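The values are calculated or read from the model by the stated rules, or taken from the named source; none is laboratory data. On a predicted model such as this, the values are computed, not experimentally measured, just so you know. As a convention, Cβ positions derive from the backbone with ideal geometry for all residues, glycine included, and neighbour counts pool all protein chains shown. In case anyone asks, the SASA skips ligands and DNA or RNA and just uses the protein heavy atoms, side chains included. Shrake-Rupley method; radii C 1.70, N 1.55, O 1.52, S 1.80 Å.
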Amino acid sequence: MATQRQVSERAVVFLIGAVQFVNILDFVMVMPLGPDFAKGLGIAASHIGTIGGAYTAAASVAGLVGGYFLDRFDRRKALAVSMMGLVLATAAGGLATGLTTLLLARVAAGIFGGPATSLSLSIIADLVPVERRGRALGAVMGAFSIASIAGVPLALWLAEWGNWRTPFLVVAGLGLLVAAGAIFYLPPVRGHLDSGRPVNTVGVWELLSRGDVQLSYLMTAVVMMASFVMVPNISSFVQQNLGYPRESLGFAYFVGGLVSFVTLRVAGPLVDKHGAFVVGSVGSVLAVVSTYVGFVNYPRWLPVPVLFMAFMLSMGMRNVAYNTLTSRVPENPVRARFMSLQSAIQHMAAAVGAFVSVQMLTDLPDGTLGGMSQVAGLSIVMTLAVPPILRVVERRVRAREQARALAVPPSRGGAVPLSPEASPHS
């Protein structure tokens, strides 16, 4: 029997991070490019939000559907298929001829982009041991910060250099390179298939009936709603209510993204050392303080970029903590199924949070945004619910892992061994 080649954790984390970068950039660049493609295709500005929502809705549905079958395949092959679908959909967006074709392209992007996220996190959870998983997930999640720091400005520059189609085609080309890397350099990820347990033993409804899974998904929904009642409205609030100039907004997002990147790299090891509850609670407290100070009782002496930095710091700590913890909830054979359903819940909760905030906000006669303090209050209440859920889920996961360790000798479960001398953070 041929010996499986050794693959370093560093290489795995880099490739999965690249997958996430392309996937996230494909999503986050669309709204900033909205005025450009609206003008180029003759689309009404009021329809730009519909185009962004098409991706989120499709990704949510894809997450629900993917929960039924993703665990039946080698995760590397499934990820390659998802990335190739995302590449074709992104390229189709760049070749759109009107609102209908662009909407269809964004729906297709969501269909493939949603599963790509859950498969990426599943691969990290399968191949990286628990004691280093927080660091690895923090590194992979740093792709969001990099997309914010460098990706979106680059996409806007490409649109100025060429036209609105150029960023779509460039991102599609980059995605093709990443898909090739996943095919040729990632190891087979078949531990969930070779573990001796039939893949279909645990169905979707049986999985959803478990208390720890329900709590994990509840925590996911609360975290995402607490974030997305705020995030879509921050730009409007700082400009209309705080008088922050539009030409300086890019700098605020840049420094916020930079802080987020550093936070994700630091928070991962802290989760590995102190646990998700401790780090997630600190992040939640910081989120409550920054939300209250920034959006309820803003002191005029506080620079807006500092507000962005504090907000991104708190979200980074909280997100690494809860993502690391939820990666430990499912067993290996159903991890992609669990992650796929979690992705669906994330997108649903984000959409619900954004919709709720729209109902609570009003445009006042003086040009300011009314109702932001109420929205911030709702976010604070939901954020305060996160630490108790973290505590309960972490206790359940630890108890189950300890019981399993006493009952069964350690086993790699069919996963390809990673060379320890090249961990992602050595």
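Would you check which residues across the range 379-394 are more than 11 Å from residue 229 (Cβ to Cβ), touching a residue at least 60 places away in the same chain (Cβ under 8 Å) and assigned to a helix (DSSP H, G or I) and list them?
384, 386, 387, 389, 390, 391, 392, 393, 394
Answer yes if at least one residue in the range 311-330 is among the basic types (Lys, Arg) and under 18 Å from the mean Cα position of the chain (by Cα), and no otherwise.
Filtering the range 311-330 down to residues among the basic types (Lys, Arg) leaves 318, 328.
After this cut, where a residue has to be under 18 Å from the mean Cα position of the chain (by Cα) as well, the list is 318, 328.
Scanning the range 311-330, I find at least one residue that is among the basic types (Lys, Arg) and under 18 Å from the mean Cα position of the chain (by Cα), so the answer is yes.
Look at the range 379-426 and say how many of its residues are among the small types (Gly, Ala, Ser), open to solvent by 80 Å² or more (accessible area, probe 1.4 Å) and either modelled with pLDDT of 75 or more or in contact with a helix residue (DSSP H, G or I) (Cβ under 9 Å, 6 or more places away or on another chain) (or both).
Qualifying residue count, the range 379-426: 1.
When both residues are 6+ apart or on different chains and their Cβ atoms are under 6 Å apart, which pairs have a first residue that lies in the range 263-281 and is under 14 Å from residue 322 (Cβ atoms), and a second that is open to solvent by 70 Å² or more (accessible area, probe 1.4 Å) and in a helix (DSSP H, G or I)?
Pairs that qualify, where the first residue is under 14 Å from residue 322 (Cβ atoms) and the partner is open to solvent by 70 Å² or more (accessible area, probe 1.4 Å) and in a helix (DSSP H, G or I), are 268/135; 277/391.
Pick from 307, 286: which is of a type in the set (A, V, I, L, M, F, W, C), within 22 Å of residue 350 (Cβ to Cβ) and touching a Lys or Arg at 6+ places or on another chain (Cβ under 9 Å)?
286
I'd like to know if the range 247-255 contains one or more residues that are over 24 Å from residue 344 (Cα atoms) and at pLDDT 80 or above.
Keep residues of the range 247-255 that are over 24 Å from residue 344 (Cα atoms), which gives 247-255.
Remaining after also requiring at pLDDT 80 or above: 255.
Yes; the residues of the range 247-255 include at least one that is over 24 Å from residue 344 (Cα atoms) and at pLDDT 80 or above.
Of these, 64, 99, 25, which one is of a type outside the set (Gly, Ala, Ser), modelled with pLDDT of 80 or more and over 22 Å from residue 174 (Cα atoms)? Please lay out each step first, then the result.
Details: 64 fails: modelled with pLDDT of 80 or more; 25 fails: over 22 Å from residue 174 (Cα atoms).
Every option except 99 fails the conditions.
I'd like to check which helices (runs of 4 or more DSSP H) are fully inside the range 165-218 and have at least 2 residues that are surrounded by 18 or more Cβ atoms within 10 Å (Cβ to Cβ) and at pLDDT below 85.
165-185, 191-194
Name the residue that is most open to solvent (accessible area, probe 1.4 Å), counting only residues in the range 96-108 that are of a type outside the set (S, T, N, Q) and over 12 Å from residue 40 (Cβ atoms).
If we take residues in the range 96-108 being of a type outside the set (S, T, N, Q) and over 12 Å from residue 40 (Cβ atoms), then 104 is most open to solvent (accessible area, probe 1.4 Å).
So which residues in the range 348-378 are open to solvent by 40 Å² or more (accessible area, probe 1.4 Å), within 25 Å of the chain's Cα centre (by Cα) and touching a residue at least 24 places away in the same chain (Cβ under 8 Å), if there are any at all?
Of everything in the range 348-378, those that are open to solvent by 40 Å² or more (accessible area, probe 1.4 Å), within 25 Å of the chain's Cα centre (by Cα) and touching a residue at least 24 places away in the same chain (Cβ under 8 Å) turn out to be 348, 351, 352, 356, 378.
Checking the structure you have, find out if any residue of the range 290-300 is assigned to a helix (DSSP H, G or I), modelled with pLDDT of 90 or more and open to solvent by 30 Å² or more (accessible area, probe 1.4 Å).
yes
Which of the numbered conditions does residue 55 fail, given that it passes all the others? Conditions: (1) at pLDDT 75 or above; (2) buried (at least 23 other Cβ atoms within 10 Å of the Cβ); (3) closer than 18 Å to residue 121 by Cα; (4) touching a Gly at 6+ places or on another chain (Cβ under 9 Å).
So residue 55 meets the others, but not (3).
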